[in-house]
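Below is one structure, written out as structure tokens; the observations come after it.
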Amino acid sequence: MKSSQALSAQQIIKQLIPSKSTTKAQGFGEAPVNIALSKYWGKRQVSLNLPTNSSLSISLPGLGTQTHLSLVENNDNTEDQAWLNGKRLAGDSEFAGRLSRYLDLFRPAHHYFKIDTINSVPTAAGLASSASGYAALVKALNDLFDWQLNQRSLSILARLGSGSASRSLFDGFAIWHKGQAEDGMDSFAEALPETWAGLCIGLVKIDTTEKPIGSTAGMQKTVNTCELYQAWPTQAERQVKLIQQAIQEHDFTLIGETAEHNALSMHATMIATWPPILYWQAESVLAMQKVWQLRQQGVEVYFTMDAGPNLKLIFLEPNKNAVKAAFQELDVIQPFG
Ligand code: DP6
């Protein structure tokens with residue numbers, strides 16, 4: 001972590017965390033996964049995860065990450081030790097490397113970290129595990145070093161780990177303001193006060209194995225090679241506002257149509273990237289067609305999709321049985337009961 005980019009993240013962290021802190025024996029943090037209803041796709045600044053556009057999400061209670069963290073004195077160049085769902089991660093894996101590079105930002109000299117993480121969602125399956133992962137890690141760091149940071153600072157620190165993690169600090173709806181400042185101090189997420197009883201999210205699991213290209217690399221390729229991408233930031237910014245309005249007015253058609261349109265537009269930019277990025281599988285397309293058929297039959301259900309083949313359905317409780325009948329083994333989550 002000696003590059004100038006890393007240094008700038010370091011400078012930002014210095015502004016946020018207290019210069020003196022006490023270290024506890026162990027820190028703990030937990031955070032939910034979140035599903036973006038209006039997506040983050042593309043960075044205006046890569047090393048700080050500063051997004052091209054704002055985004056808006058809903059967190060899924062009961063699905064997420066729990067992380068225990070401790071600091072060990074290191075006299076013989078021991079690497080960080082990480083366990084994911086009880087399994088020790090190979091030190092040279094991409095996952096462990098990214099984690100350690102992030103922890104370098106907070107590491108006192110001559111120490112390594114022990115990280116014990118439980119994910120209740122399949123890792124790297126397009127179910128936003130990096131979001132809950134980095135949000136839980138930041139909370140664990142805050143606990144371990146007893147920083148007592150506010151939500152805004154935690155959101156900025158989580159963003160430095162993974163952009164979408166900035167939104168996983170919160171339950172319910174969260175908006176991540178893209179911000180304009182070069183140092184990203186105005187690029188953080190905050191909770192929206194509204195709730196929506198009866199709003200349902202259904203998880204259609206098509207394939208939960210590791211995806212061919214992660215979102216970090218995928219969005220960068222899109223920004224660099226996709227001509228359609230020029231239209232994306234304006235559309236996404238407008239759709240964030242529409243979804244906010246839909247949430248305030250409990251306008252289900254507006255939230256569903258906007259979220260589905262937003263997701264398909266993001267995937268259009270991925271497909272128009274070169275070499276192309278297509279996260280869909282044949283079953284993903286069949287599931288989309290099933291959603292459209294249900295709508296034709298009067299069952300109001302919409303979908304959104306992230307950097308993976310799985311669909312997330314959006315519907316209201318009165319349609320739960322009809323949607324479950326069409327999608328066997330659907331996991332249904334009601335974020336507000
Ligand atoms: C498609 O937050 O995983 O899920 O900032 O590079 O870690 P990095 O990317 P990441 O991207 C998430 C992309 C998305 C859309 C979204 O969650 O808004």
Relative contact order (%) - criterion: Cα under 8 Å, at least six apart; region: the chain: 21
Estimated 222 nm signal from helices in the chain, with DSSP H stretches of n ≥ 4 weighted -39500 (n - 2.57), rounded to 500: -11500 deg cm²/dmol
Value of relative contact order over region 1-153, rounded to a whole percent, pairs C-alpha under 8 Å and six or more apart: 34
Chymotrypsin sites (Phe, Trp or Tyr not before Pro) lying in DSSP loop within region 177-266, provided at most 15 other Cβ fall within 10 Å: none
Residue 72-residue 101 pseudo-label distance in nm [points 7 Å out on the Cα-to-Cβ vector]: 2.4
Region 14-159 - Rg and Dmax from Cα coordinates, angstrom: 15.3, 47
Two-site FRET efficiency, residue 274 against residue 322, from Cβ-Cβ distance with R₀ of 51 Å, rounded to 0.05: 0.80
Most to least accessible of 170, 28 (protein chains only, probe 1.4 Å): 28, 170
Accessible carbon and sulfur surface of the chain relative to its total accessible area, %, 1.4 Å: 50
3J(HN,Hα) from dihedral phi, region 304-316, Karplus parametrisation 6.51/-1.76/1.60, rounded to Hz, x for glycine, proline: 9, 9, 10, 7, x, x, 7, 9, 10, 8, 10, 7, 9
Surface accessible to a 1.4 Å probe, residue 215 within the full protein complex, Å²: 40
Kirkwood hydrodynamic radius over Cα pairs of the chain, then Stokes diffusion coefficient at 37 °C and 0.692 mPa s, in µm²/s: 161
Cα centre as origin, Lys/Arg/Asp/Glu Cβ charges: region 217-330 dipole, Debye: 140
Heavy-atom accessible area ranking, 1.4 Å probe, most first, across 267, 111: 111, 267
With DNA, RNA and ligands ignored, accessible area of residue 145 (1.4 Å probe; Å², nearest 10): 10
DSSP-loop GluC sites (Glu not before Pro) across region 228-337, with at most 14 other Cβ within 10 angstrom: 329
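The values are calculated or read from the model by the stated rules, or taken from the named source; none is laboratory data. Predicted model, so just to flag it, every value in this text is computed and none were measured. We place every Cβ from the backbone using ideal geometry, glycine too, and count neighbours over all the protein chains shown. SASA here: full protein model, heavy atoms, side chains in, ligands and nucleic acids out. Shrake-Rupley method; radii C 1.70, N 1.55, O 1.52, S 1.80 Å.
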